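Below is one structure, written out as structure tokens; comments come after it.
The values are calculated or read from the model by the stated rules, or taken from the named source; none is laboratory data. Here the structure is a predicted model, which means the values were calculated and not measured. Neighbour counts are summed over all protein chains in view; Cβ atoms, including those assigned to glycine, are modelled from backbone coordinates with ideal geometry.
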Amino acid sequence: MYLSGHLDSARDVLEHHLALSPDDVPARHLLAVVRRGLSDPAGAEEALAPILGLANASIHHVAGLIARDRGDLDGARLRLRRSLICNPGHAGAWQALTRLKARCGAGALRAAAAAALSEPRDLFGWRRLWATSLTVAEADRAAVGRGLIGEAFARSNAFTPSSLEAVPLLFADWSEADTAPPVDTELEAGLTRLVEQIAGRLQGEADALAGLDRQTRRLALWWPDRRMAWVARMAMHGFGTAPGAGRNLRNARQVLAFGGMHRTLPSVATLFEAAVEAKASAFRSQGKAAPVVGHALGMQALCETVGQPIDLRWVDREVRVRIGDREIGYGFASPQVTGFVTQLFLHEPGLWRWMAGFGPDDVLLDVGANVGIYSIAAAGLFGVRVVALEPYRPNLEALRANIESNRLADRIAVLPIAATETETTGRLFHDGGAAGAAAQHFGVDTPEAPADEPFDRVDGVPVDLLVERGAIPFPTRIKIDVDGNERAVIEGMTRTLADRRLHSVRLELRWWKPDGRAVAQRVCSFGFRAAVDDDQKNLLFTRP
């Protein structure tokens, strides 16, 4: 009763003040608090109404509490989320949101876990996760593993000893988590594409990118138990990173928490392993999330390997890639090439790691160079000499155009031939695809060769002859991607393989098939040791 009398007086003073100064925002906010304390929700709403359009966390927090008092739980959640959009660390809004019955479940726990993982140095996030775990039903704790909540308790040393009684109740593991909530894949893919397009065109405009970052963060807070906003954030951050920037891995874990993708990601020891896991998931899944995650993690893994910032941006009809002070560009020669280079670091994380280990005296022989994605990178970003063999005309034209636009003619030699076992002229069978097409097959030019497939007549030359004639410098590294002609290519370079100046060979090969296994054993017979690199069909042969 005594307090009520003081609140009445405060209300009268504030109402008189606002009659004279109606635009005083703090006074309106305080009047709403006072009227709520007097159990007058309608009057509190009236006080706040003129200022609800402001981006002020405290205003929307009070509006959420008023809506909750009135039993409008949907309105309360809406206002409290807006409060968190304005200030993601607003303790009162988080507490009020957690107390809403509709939020006390697995969704609340996932939201708190994501907040803690996204800012691991923020003690408040870990305290919120621990507090939330004590408010949810026991069955809902399956959404977050014992280890994560245990870490939250360890970091949140401000809780009372009685909290220890709840530790045995915090059970379950990530692998035992309930089925993830449904994902609107069409909306997710649309949002992700939009963010990719915008971010790709804003590189170098710090203010605009910061604004986009805020927007995607707000989306993530608005729908904290849906993965699409976190996928959009990964799409945006897939355009640049720096050594030590852990946001890509944190965002990947948030994608995992809100929809699942590759359950082994939390246990991987390195960024490279995470990138390999994401790549495997991308090629198993038809969704948009996995490729975005794989590209961002592949970029971060390479960044940590080279120890320099990496940027990828769209300029006119090119994708530009910068590592440190070196930069290259890829033209959009076809839709297939465009799709490949916009997620450049998804496809071959092991190949990027391999190239990052090249030295200034290395020579790369790129057998089956296609449009020159990796030839250009090896020469322009890692500074080595390259010999590119590519017999398919559309690919050859795009390869030469890429070399010219990057001014790398002095570092990349192009030979329009197929690597073969014996010197011959043959038929390169193909499906007539545009630049970037693969799966061409070289066959001997004989009358019995099938005539119903489209083909180009090309020259085939063994690598050993190219080296011995001085047509190419001796290669210290060889990359082979010829889609089925591996045996003939290897048999045409046996003397090169036997030369210990050749350090390593990366070979795309279906080695689990009898023919592929014979090819792998043939390469190993020259003193190489084989290991699966970034997926099952990519083998890296190195000398012990």
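Worth a mention:
- Looking only at region 378-411, and only at residues there that are crowded, with 23+ Cβ neighbours inside 10 Å and among the small types (Gly, Ala, Ser), the one that is farthest from Arg487 (Cα to Cα): Gly380
- Matching residues in region 460-470 - criterion: being over 41 Å from the mean Cα position of the chain (by Cα) and not charged (D, E, K, R): Leu465, Gly470
- Residue that is nearest to Pro475 (Cα to Cα), among those in region 349-371 that are β-branched (Val, Ile, Thr) and at pLDDT 90 or above: Val363
- In region 272-379, counting only strands (runs of 3 or more DSSP E) that sit wholly within it, the ones holding 2 or more residues that are within 18 Å of the chain's Cα centre (by Cα) span 310-315, 318-323.
- Enumeration of residues in region 8-36 that are surrounded by 12 or more Cβ atoms within 10 Å (Cβ to Cβ) and of a type in the set (Gly, Ala, Ser): Ala10, Ala27, Ala32
- Residues that are over 20 Å from Pro416 (Cβ atoms) and among the β-branched types (Val, Ile, Thr), drawn from region 470-495: Thr476, Ile490, Thr494
- Subset of region 21-35 [closer than 11 Å to Arg11 by Cβ and among the β-branched types (Val, Ile, Thr)]: Val33, Val34
- Scanning region 503-513 turns up no residue that is among the hydroxyl-bearing types (Ser, Thr, Tyr), buried (at least 20 other Cβ atoms within 10 Å of the Cβ) and under 23 Å from Asp362 (Cα atoms).
- Annotation: of all residues in region 303-354 being touching a helix residue (DSSP H, G or I) at 6+ places or on another chain (Cβ under 8 Å) and acidic (Asp, Glu), the one that is farthest from Ser375 (Cα to Cα) is Glu304.
- Just one of the listed residues (Gly372, Gly380, Gly368, Gly329) is out of contact with any His (no Cβ under 9 Å at 6 or more places or on another chain) and not assigned by TED's automatic domain parsing to the domain that holds Pro416, and it is Gly329.
- Residue list for region 504-542, filter: within 30 Å of Ala278 (Cβ to Cβ), free of Cβ contacts under 8 Å to residues at least 60 places away in the same chain, part of a loop (DSSP other than H, G, I, E, B) and in contact with a Lys or Arg (Cβ under 9 Å, 6 or more places away or on another chain): Leu509, Arg510, Trp511, Trp512, Phe528, Gln536, Lys537
- Condition broken by Glu318, with the remaining ones in (1) under 20 Å from Leu539 (Cβ atoms); (2) surrounded by fewer than 23 Cβ atoms within 10 Å (Cβ to Cβ) satisfied: (1)
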